[in-house]
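Values quoted throughout were computed directly from the atomic coordinates according to the rules given, and no laboratory measurement underlies them. Quick caveat: nothing in here was measured; it's all calculated off a predicted structure. When we count neighbours, we look across all protein chains shown, and the Cβ atoms used for this are built from the backbone with ideal geometry, even at glycine.
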Amino acid sequence: MTGSRLLVETGASRVLVDAGLYQGLRELRRRNWDDLTVAPPTLDGVVLTHAHLDHCGYLPRLVRGGLDAPVLCTSETAELAAIVLRDSAHLQEEDAAYATEAGISRHGTALPLYDQADVERTLLLLHRVPLHDDVPLTDDVTVMLYSAGHILGAASALLEADGSRVLFSGDLGRPDHPLVPRRENPPPADVVVVESTYGDRTHPHPPVDPGDDVLADAIRRTVGRGGSVLVPAFAIDRTELVLLRIGALMSGGLVPTVPVHVDSPMALRALDVYRRALADVDPVLLPRGWDPRTFGVPDLRISRTATESQALNEPKHPCVIVSASGMATGGRVVHHLAHQLGDPRNCVVLTGYQAIGTRGRDLLAGARQVKIHGRYVPVRAEVVDDQEFSVHADADELLEWLGRCDPAPRAVYVVHGEPEAAGALARRVGDELGWCAVVPRHGERVRLD
């Protein structure tokens, strides 16, 4: 599900599509420390589909290992990747320092996977590419990017490699994202490599009554009993969507108006990128009630300093706190969880995919206690799963996108999903479209010609 890295080789070139970090289970995270089967200095280029950590977070490790080749991506992805990678390096350095100080490193002095210097060298390699430009990356590999509709700047990548056309979906968005361009139909390709995050399920349809939804109910219940709502939100894109929804609910009188705190330095920087990107968009095309300063939230409050964040650990009055990370694996939200999970008045609203091995997945599964900072914390707060925020295409939407391929590809490779999800999508592609669809093994090689 995480750690997207896909290699395209010709007789003369080696190009990597995405360079993501593995997240979740410890045995997966350990793969981040494994040597690639291809030495980074031998790569002729990297194509980055978008700025989420599981697609871009391994880039500085490649640079530390000797990568010195162009990394092609959209302009918005370059801006967001700079935010994500700098934050990731900071966390890597913090974790290494803690492991050394606590004496829990096997190596005496723990080393980070990469550091800030690696990130700054990485950012120099980012080459901003407009959508639909045919970009020659090497003598026998050209790249063209298409909107994927997932987050700002997200793209699908068509590589023409030594005469074969292979399309990488990247993470595909839903048809109705309110803030980013819609995903485009797939261009003609001989082979398609498609993600399968939600390959075995469909998303719920939005309720007819905008006040009769999961988040609105959670806010009303929680404020009614004197508690606070904690929303672990992904800093890139999800924070923006959560604020838009809360703003609409509060402005419409559908939930009580209480302070809404954004407590994530990375999310605040990402908000600025979205504001700049949307500044020139015709207001008619933007969501109703859009306000670039507040996202429509009547009482929006920003927590920038550590002191301001600490004050939100135990709020004195009902409020909503939106804080990263979305799977509760790190960042300020972990401190809030440590203080708030034990109070039954509070509520935690999960707003997206929760990978196996994360605290978010444990909470979703009904854990009675979770481990935070070396101690177990009882889970007495209400935990709510709001699937309406997902910006991943579901199984029906993935199949609909694939069905627009014309002509039909020779093969479809189903990747970036847990085994059940990937297998289910591959079966549907075979049964409903009649195409050859395969879930490749980790490290498997296939021919494109």
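Values for this structure:
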read-out	value
Percentage relative contact order, the chain, counting C-alpha pairs under 8 Å, at least six apart	16 percent
The stretch 182-202 versus the stretch 412-449: alpha-carbon centroid distance in Å	11 Å
Relative contact order (%) - the stretch 214-389, alpha-carbon pairs under 8 angstrom, separation at least six	31 percent
GNM result for the chain, Cα springs below 10 Å: residue of GLN23, GLN340, GLN92 fluctuating most strongly	GLN92
Gain on full stretching of the segment that runs from ASP139 to ASP282 - 0.36 nm per residue minus C-alpha separation	47.5 nm
The stretch 214-389 shape via C-alpha gyration tensor axes, a/c threshold 1.5	prolate
Given charges at Cβ of Lys, Arg, Asp, Glu: the stretch 201-303 dipole, positive-most of THR257, PHE295, THR202	THR257
Order of TYR98, TYR353 under a 10 Å beta carbon neighbour criterion, fewest first	TYR98, TYR353
Helix 265-278 vs. the chain, principal-axis angle (Cα, 0 to 90°, nearest 10)	70 degrees
Loop trypsin sites (Lys or Arg not before Pro), the stretch 315-354, which have at most 15 other Cβ atoms in a 10 Å radius of their Cβ (DSSP)	LYS316
Neighbour-limited loop hits for trypsin sites (Lys or Arg not before Pro), the stretch 209-313 (at most 15 other Cβ within 10 Å; DSSP other than H, G, I, E, B)	ARG225, ARG288, ARG293, ARG304
Spatial separation of Cα centroids for the stretch 16-43 and the stretch 317-353, in angstrom	30 Å
Built amide H within the under 5 Å cut-off of VAL370, gap 5+	VAL377, VAL379
Dipole magnitude of the stretch 121-208 about its Cα centre (Cβ charges: Lys, Arg +1; Asp, Glu -1), debye to nearest 20	480 debye
Selection from ASN346, VAL47, SER164 lying farthest towards where the dipole of the chain points positive, charges on Cβ	ASN346
Whole-number percent relative contact order across the stretch 1-78, with pairs defined as alpha carbons under 8 Å at least 6 apart	32 percent
Gained length - ALA365 relative to ALA102, 0.36 nm times residue gap less alpha-carbon distance	91.6 nm
Test item: Cα-centred dipole of the chain, Lys/Arg +1 and Asp/Glu -1 on Cβ, debye	1480 debye
GluC sites (Glu not before Pro) within the stretch 376-449, DSSP loop, no more than 11 other Cβ atoms inside 10 Å	GLU444
Net charge, SER264 excluded, C-beta distance under 15 Å - Lys, Arg +1, Asp, Glu -1	0
0 to 90° range, to nearest 10: angle between helix 214-224 axis and the chain longest Cα axis	20 degrees
Charge dipole of the chain about the Cα centre (unit charges at C-beta), most positive-ward option of PRO136, PRO407, ALA154	ALA154
Tensor-based shape of the chain (alpha-carbon gyration tensor, a/c under 1.5 rounded, otherwise prolate or oblate)	prolate
Per-residue Cβ neighbour rank within 10 angstrom, fewest leading, ILE83, ILE246	ILE83, ILE246
ASP299/ARG275 FRET efficiency (R0 25 Å; Cβ-Cβ; nearest 0.05)	0.85
Cα centre as origin, Lys/Arg/Asp/Glu Cβ charges: the stretch 214-389 dipole, Debye	500 debye
Angle in degrees between helix 238-251 and the longest Cα principal axis of the chain, rounded to the nearest 10	40 degrees
Structure-based [θ]222 nm, the chain - -39500 (n - 2.57) summed over DSSP H runs of at least 4, per residue, nearest 500	-8500 deg cm²/dmol
